[in-house]
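**Student:** After the structure tokens below, expect a handful of questions from me.
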Amino acid sequence: PKIDGVAVSIRYERGRLVLGATRGDGEYGDDITQNIKTIKVIPLTLHGKGWPEVLEIRGEVYWPRKDFIKFNRQREAAGEAVLANPRNATAGTLKLLDSRIVARRKLSFMCHSYGEVRPLPTNSHFELSQQVARWGIPINPFLRRFSSIDEIVRHIEEWREKRSQLEYLTDGMVIKVDRLDYRDRLGSTARAPRWVIAYKYEAEQAPTVIRQVRWQVGKLGTLTPVADLDPVWVAGTTVSRATLHNIDIIRELGLRVGDTVLIEK
């Protein structure tokens with residue numbers, strides 16, 4: 001399952017956590033080591049033995065649903081504004097300078113891939129993940145290895161409904177080539193690796209009502225009409241506004257304040 005969280009990289013040297021960083025632009029990210037250390041599921045020292053000299057794990061930090069809902073209820077009771085969605089709230093939390101606040105928010109983490117691993121103990125992503133789990137790093141318990149595309153398609157269909165029961169939001173399934181040497185041979189395009197792809201499920205929809213339209217001024221002075229909507233929960237977030245960027249469609253539909261519209265995400 002594709003976790004809708006915040007991508008981070010965590011580096012271990014000789015079994016000890018030495019760096020946590022956000023993905024940033026892919027080359028430069030933020031150093032969030034102190035905040036990463038507050039996430040209880042991430043070990044400061046790898047368990048067991050036999051770990052490589054350097055182990056860089058990549059994964060997603062996320063805010064479990066039940067903890068996020070509880071946090072928002074506490075804010076609401078205190079008369080504070082609630083946070084819109086777990087992903088953006090997680091990104092904001094990881095940027096906080098006070099690690100004590102981060103610790104109280106009970107974020108979690110799951111490893112899904114690897115950067116530098118030296119020496120590499122296996123040529124299989126699946127087997128490396130099983131080993132990493134034995135070293136104490138959480139991996140996705142639903143990670144599976146298949147030998148045919150037909151098996152993958154059946155698995156994706158099985159998860160169409162089950163994904164709503166996960167403790168994190170997900171909009172699809174990630175399929176990867178298991179053998180690491182095959183990945184090297186497949187290489188990448190200018191935009192993405194050729195050995196991994198995400199299957200996205202259909203967008204979720206929910207009806208709501210347009211209450212007003214206001215003008216939003218961009219950084220360069222661009223004016224954009226924005227619709228204020230009755231807040232509606234769709235695909236894991238509360239949607240309360242939408243940019244009205246296509247004036248031709250708005251005119252064609254005769255869209256007006258008070259109309260019911262369908263939000264898709």
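**Student:** With θ taken as phi - 60° and the coefficients 6.51, -1.76 and 1.60, list the Karplus ³J(HN,Hα) couplings across the stretch 19-24 in order, rounded to whole Hz; mark glycine and proline as x.
**Tutor:** Running phi through 6.51 cos²θ - 1.76 cosθ + 1.60 with θ = phi - 60° gives 7, x, 9, 7, 5, x Hz.
**Student:** Still on this model: Report, to the nearest whole %, how much of the accessible area of the chain belongs to carbon and sulfur atoms, 1.4 Å probe, protein only. Walk me through the numbers on the way to the answer.
**Tutor:** Details: 8540 of 16550 Å².
Carbon and sulfur together cover 52 percent of it.
**Student:** Return the long-range amide H neighbours of Ile263 (sequence gap of 5 or more, or a different chain), with a cut-off of under 5 Å between placed amide H atoms.
**Tutor:** Ala206, Thr208
**Student:** For the stretch 1-122, what relative contact order do you get, as a whole percent, if you take Cα pairs closer than 8 Å and at least 6 residues apart? Don't skip to the answer; put the middle values down first.
**Tutor:** On the way: 208 pairs, mean separation 40.4, N = 122.
About 33 percent, as a whole number.
**Student:** Out of residues 5 or more away from Tyr201 or on other chains, whose amide H comes under 5 Å of its own, with H placed 1.01 Å from N in the peptide plane?
**Tutor:** Residues meeting the amide H criterion: Gly172, Met173.
**Student:** What FRET efficiency comes out for Ser240 versus Phe146 if R0 is 51 angstrom and r is the Cβ-Cβ distance? Round to the nearest 0.05. Don't skip to the end; give the middle numbers.
**Tutor:** Values: r = 41 Å, r/R0 = 0.80.
Working from the Cβ atoms, E equals 0.80.
**Student:** Per residue, how many Å² of accessible area does the chain show with a 1.4 Å probe?
**Tutor:** Working: 16550 Å² over 265 residues.
Ligands and nucleic acids excluded, the figure is 62 Å² per residue.
**Student:** Full-extension gain between Lys66 and Phe126, please, as 0.36 nm times their residue separation minus the C-alpha to C-alpha distance.
**Tutor:** Numbers: separation 60, 0.36 × 60 = 21.60 nm, distance 2.92 nm.
Stretched fully, the Lys66-Phe126 segment lengthens by 18.7 nm.
**Student:** Distance from a point 7 Å along Cα→Cβ of Arg214 to each backbone N in the stretch 82-120: keep the residues under 19 Å and list them by number.
**Tutor:** 82-84
**Student:** Would you kindly derive the ³J(HN,Hα) couplings of the stretch 249-260 from the backbone phi angles with the Karplus curve 6.51 cos²θ - 1.76 cosθ + 1.60 (θ = phi - 60°), listing them in order in whole Hz, with x for Gly and Pro?
**Tutor:** Residue by residue, the stretch 249-260 yields 5, 4, 5, 4, 7, x, 5, 9, 4, x, 6, 8 Hz.
**Student:** Next up: So, R0 is 35 Å and r is the distance between the beta-carbons of Ala190 and Gln74; what FRET efficiency does that work out to, to 0.05? Numbers along the way, then the final one.
**Tutor:** Working: r = 46 Å, r/R0 = 1.31.
After rounding to 0.05, the efficiency reads 0.15.
**Student:** In the stretch 27-56, which GluC sites (Glu not before Pro) fall in coil by DSSP and have 14 or fewer other Cβ atoms within 10 Å? Kindly include the intermediate steps, with their values, before the conclusion.
**Tutor:** On the way: sites: Glu27, Glu53, Glu56; in loops: Glu27, Glu53.
Counting only loop positions with at most 14 other Cβ atoms within 10 Å, the GluC sites (Glu not before Pro) in the stretch 27-56 are Glu27, Glu53.
**Student:** Right, here's the next one. Size of the chain along its principal axes in angstrom, Cα-based, largest extent first?
**Tutor:** Per principal axis, max minus min of the Cα coordinates gives 65, 47, 38 Å.
**Student:** Now for a different question. If you line up the long axis of helix 125-134 against the longest principal axis of the chain, both from Cα atoms, how many degrees apart are they, to the nearest 10?
**Tutor:** Taking Cα atoms only, the helix is inclined about 80 degrees.
**Student:** Relative contact order, percent, of the stretch 183-263 when contacts are C-alpha pairs under 8 Å separated by at least 6 residues?
**Tutor:** Working: 115 pairs, mean separation 23.3, N = 81.
Result for the stretch 183-263 is 29 percent.
**Student:** Right, here's the next one. Kirkwood hydrodynamic radius, the stretch 121-231, all distinct C-alpha pairs: what's the number in Å? Let's see the in-between values first.
**Tutor:** Values: mean 1/r = 0.0547 Å⁻¹.
Taking the inverse mean of 1/r over all distinct Cα pairs, the stretch 121-231 comes out at 18.3 Å.
**Student:** Further question on the same structure: Taking 0.36 nm per residue of sequence separation and subtracting the Cα-Cα distance, how much length would be gained by fully extending the chain between Ile101 and Lys265, in nm to one decimal? Could the numbers behind the result be given before it?
**Tutor:** Numbers: separation 164, 0.36 × 164 = 59.04 nm, distance 3.09 nm.
Extra length from Ile101 to Lys265 when fully extended: 55.9 nm.
**Student:** If I fit a long axis through the Cα atoms of helix 149-162 and take the longest principal axis of the Cα atoms of the chain, what angle between them do I get, 0 to 90°, rounded to 10?
**Tutor:** Around 50 degrees separate the two axes.
**Student:** Would you mind pulling out the separation of the Cα centroids of the stretch 228-248 and the stretch 27-77, in Å?
**Tutor:** So the two Cα centres are separated by 31 Å.
**Student:** Across the stretch 1-141, how many lysine pairs, 8 or more apart or on two chains, come within less than 18 Å at their alpha-carbon atoms?
**Tutor:** Values: Lys37/Lys95; Lys37/Lys106; Lys40/Lys66; Lys40/Lys95; Lys40/Lys106; Lys66/Lys106; Lys70/Lys106; Lys95/Lys106.
Going through the stretch 1-141 pair by pair, I get 8.
**Student:** Just to verify a number: what accessible area does His47 come out at with the full protein assembly present, 1.4 Å probe, Å² rounded to tens?
**Tutor:** 100
**Student:** For a quick check of your reading of the filter: which GluC sites (Glu not before Pro) in the stretch 187-261 sit in a DSSP loop and have no more than 11 other Cβ atoms within 10 Å? Mind showing how you got there, number by number?
**Tutor:** Values: sites: Glu202, Glu204, Glu252; in loops: Glu202, Glu204.
Loop-located and lightly packed - Glu202.
**Student:** In whole Hz, what ³J(HN,Hα) sequence does the stretch 84-95 give by Karplus (6.51, -1.76, 1.60; θ = phi - 60°), x for Gly and Pro?
**Tutor:** With coefficients 6.51, -1.76 and 1.60, one gets 5, 7, x, 5, 5, 5, 5, 4, x, 5, 5, 8 Hz.
**Student:** Does anyone have the angle between helix 65-77 and the longest principal axis of the chain? Alpha-carbon axes, 0 to 90°, nearest 10?
**Tutor:** 50
The values are calculated or read from the model by the stated rules, or taken from the named source; none is laboratory data. What you are looking at is a predicted structure, and each value in this text was computed from that prediction instead of being measured. When we count neighbours, we look across all protein chains shown, and the Cβ atoms used for this are built from the backbone with ideal geometry, even at glycine. When the accessible area is computed, the model is the full protein with side chains, heavy atoms only, and any ligands, DNA or RNA have been set aside. Shrake-Rupley method; radii C 1.70, N 1.55, O 1.52, S 1.80 Å.
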